[in-house]
Amino acid sequence: MQSPSARKKNKVHSKKHLDAKYPKTITLSELNKNVCKRKPFRWQMITDQDSQTVIKALKKGYPVSVFDQLKEKLDISEKKLAVLVNIAPRTLTRRKKTGRLNSDESERILRIIRLFGHAVDILGDEEEAKRWFMAPNYGLGDTPPLEYADTEPGAREVEKLLGRLEWGVFT
């Protein structure tokens, strides 16, 4: 049986061992700067925030400009993006007048932003990710990933598919 001081010494040694084995967690922005060597999206600040900040922003609602930036980034029509994030045309017109989306609409937009950012990270650039997002995909029943991600369960399937692509699993 070990003495209390020997046990304490072993704990300190094992903590040092764990710190060396598992270094400090890095943020998405650090990963973008250090690993991907690419310019972050203008709206990427939305996904780089900690959970509490994201939740506060979602409850407040994103500015309509986030919708417009996503539309430009994906190079799709306003009508198509509105359908994908389930915003009726008249509702979108009202939101443009007030300048802010509600929390549910903001959350659906965040879902698409995160998936697109993940696709860019895996595929290497925005153009390739955009092509992949728009093309029918066998793994999703010949539905384009962007259309498949219009619901939370569909978005999870797209995320799983991206994970398989990242690890080189045939999809």
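The values are calculated or read from the model by the stated rules, or taken from the named source; none is laboratory data. What you see is a predicted model; the values in this text were computed from it and never measured. When we count neighbours, we look across all protein chains shown, and the Cβ atoms used for this are built from the backbone with ideal geometry, even at glycine.
Structure summary
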{"item": "Residue in region 55-87 that is modelled with the highest pLDDT, counting only those that are hydroxyl-bearing (Ser, Thr, Tyr) and over 16 Å from the mean Cα position of the chain (by Cα)", "result": "SER77"}
{"item": "Count of region 134-165 residues which are in a helix (DSSP H, G or I) and among the small types (Gly, Ala, Ser)", "result": "4"}
{"item": "Search result, residues across region 57-87 that are farther than 25 Å from GLU127 by Cα and in a helix (DSSP H, G or I)", "result": "ALA57, LEU58, LYS59, LYS60"}
{"item": "Count of residues meeting criterion [under 14 Å from the mean Cα position of the chain (by Cα) and under 20 Å from TYR62 (Cβ atoms)] in region 102-132", "result": "14"}
{"item": "Sole exception among (1) surrounded by fewer than 17 Cβ atoms within 10 Å (Cβ to Cβ); (2) assigned to a helix (DSSP H, G or I) for GLY168, by number", "result": "(2)"}
{"item": "ASP142 free of Cβ contacts under 8 Å to residues at least 40 places away in the same chain, out of contact with any helix residue (DSSP H, G or I) (no Cβ under 6 Å at 6 or more places or on another chain) and not hydrophobic (A, V, I, L, M, F, W, C)", "result": "yes"}
{"item": "The listed residue being charged (D, E, K, R), at pLDDT 95 or above, surrounded by 19 or more Cβ atoms within 10 Å (Cβ to Cβ) and outside any loop (DSSP other than H, G, I, E, B), out of ARG111, ARG131, ARG90, ARG94", "result": "ARG111"}
